[in-house]
Amino acid sequence: SQARSATPLEVVKSTNDAVLAIYGKNRVVDAAVEKEIFAVIDAVTDYQVLAGDAIDPLCPTLTAAQCTDFKEVFTRLLRVSSIKKLGRARAGRFEYRGEQVTGGSAVVRCFAFFNDESVPLDYHMARRGDTWVIVNYLVDDVDTVKNYRKQFRSLLAKKTFAQVMGQLEKKIASLEAEQ
């Protein structure tokens, strides 16, 4: 008999449980612990889609090489900020409100609890073969992809491409330096 593949909700829940467990057994989040967390998150996140959705609409104003570089740097920013934000606002627990599956896409709704505060968190997911991956997040009703796209569009209107890239590299470096 064929094993049933995990539902979107099960994917999100097992990922969050795994990350909570890693935090739970490590008081200090050092490079080795971060690597463990990245391994969990990377396995269920489609950074290419996230980066493409945020940056492709800006690409007509850029060269092909700039567009590629932008996505590469933005992917690094997404990865490091997801883990640092997770660390900074480390949820003590999650409460799941269910999933909505429409063909090859799904939304998993939950609340992340930070101390006594709860923040609505929606995971937008896409089917990849027989599994589900995260392609966007809505945190407190803020769409991650749209939010970044808006920020980048306004930055590119004021600064050169090189300046924007420099700013992103600086942001990555400062996040990486955070304990």
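The values are calculated or read from the model by the stated rules, or taken from the named source; none is laboratory data. Computed from a predicted structure; not experimentally measured. Every residue, glycine as well, gets a Cβ built from its backbone with ideal geometry; the counts of neighbours run over all protein chains shown. The area values use the complete protein model at the heavy-atom level, side chains included, leaving out ligands, DNA and RNA. Shrake-Rupley method; radii C 1.70, N 1.55, O 1.52, S 1.80 Å.
Of the options V33, G52, F94, report the single residue whose Cα projects farthest towards the positive end of the charge dipole of the chain (beta-carbon charges: Lys, Arg +1; Asp, Glu -1).
Going by the charge dipole, the pick is G52.
Could you work out the Kirkwood radius for region 66-179, taking every pair of different alpha carbons, averaging 1/r and inverting it, reported in Å? It would help to have the intermediate numbers written out before the result.
Values: mean 1/r = 0.0627 Å⁻¹.
That comes to 16.0 Å for region 66-179.
Springs between alpha-carbon atoms under 10 Å, Gaussian network over the chain: tell me which of A39, A157, A21 tops the mean-square fluctuations.
Largest GNM mean-square fluctuation: A157.
How tilted is helix 8-25 with respect to the longest principal axis of the chain? Cα atoms for both, answer in degrees (0 to 90, nearest 10).
For helix 8-25, the angle is close to 90 degrees.
How large is ³J(HN,Hα), in whole Hz, for each residue of region 152-167 in order, when computed from phi with the Karplus curve 6.51 cos²θ - 1.76 cosθ + 1.60 and θ = phi - 60°, using x for Gly and Pro?
Coupling constants for region 152-167: 5, 4, 6, 5, 5, 6, 9, 10, 6, 4, 4, 5, 5, 4, x, 5 Hz.
If you line up the long axis of helix 64-88 against the longest principal axis of the chain, both from Cα atoms, how many degrees apart are they, to the nearest 10?
Its long axis makes an angle of about 40 degrees.
Distance from the Cα centre of region 123-142 to that of region 35-104, in angstrom?
10
Quick check for you: with a 1.4 Å probe and neighbouring chains kept, what is the accessible area per residue of the chain, in Å²?
With the other protein chains kept in place, the chain gives 57 Å² per residue.
Per DSSP H run of at least 4 residues, take -39500 (n - 2.57); add these up for the chain, divide by its residues and hand me the 222 nm value, nearest 500 deg cm²/dmol.
Working: 6 runs with 98 residues, N = 179.
Dividing the helical sum by the residues of the chain leaves -18000 deg cm²/dmol.
So, by mean Cβ neighbours within 10 angstrom, what's the order for 41-48, 24-31 with the highest one leading? Present the calculation step by step, with values, prior to reporting the outcome.
Working: 41-48: 16.8, 24-31: 10.2.
The densest-packed peptide leads the list: 41-48, 24-31.
Quick one: compute the contact order of region 15-93, relative version, from alpha carbon pairs under 8 angstrom and 6+ residues apart, as a percent. Walk me through the numbers on the way to the answer.
Numbers: 31 pairs, mean separation 27.4, N = 79.
Once divided by the residue count of region 15-93, the mean separation gives 35 percent.
Roughly how tilted is helix 31-44, in degrees to the nearest 10 and between 0 and 90, from the longest Cα axis of the chain?
Tilt relative to the chain: about 80 degrees.
Determine the sum of side-chain charges near D17: Lys and Arg each +1, Asp and Glu each -1, restricted to other residues whose C-beta is under 12 angstrom from that of D17.
+1
Under 4.7 Å Cβ to Cβ, no partner at all: give me those cysteines from the chain, in residue order.
C110
Take every Cα pair under 8 Å in region 59-179 that's 6+ residues apart, average their separations, divide by the length, and report that relative contact order as a whole percent. Write down the numbers at each step before the final one.
Details: 134 pairs, mean separation 24.0, N = 121.
With pairs under 8 Å counted, the relative contact order is 20 percent.
How large a share of the accessible area of region 1-150, in percent, is made up of carbon and sulfur atoms when the probe is 1.4 Å and the other protein chains stay in place? List each step's numbers first, then the result.
Details: 4340 of 8170 Å².
That fraction is 53 percent.
Please go through the residue pairs K25/K71; K13/K170; K25/K146; K150/K171 and name each one whose alpha carbons sit more than 29 Å apart in this structure.
Details: K25/K71 34 Å; K13/K170 33 Å; K25/K146 35 Å; K150/K171 17 Å.
Listed pairs above 29 Å: K25/K71; K13/K170; K25/K146.
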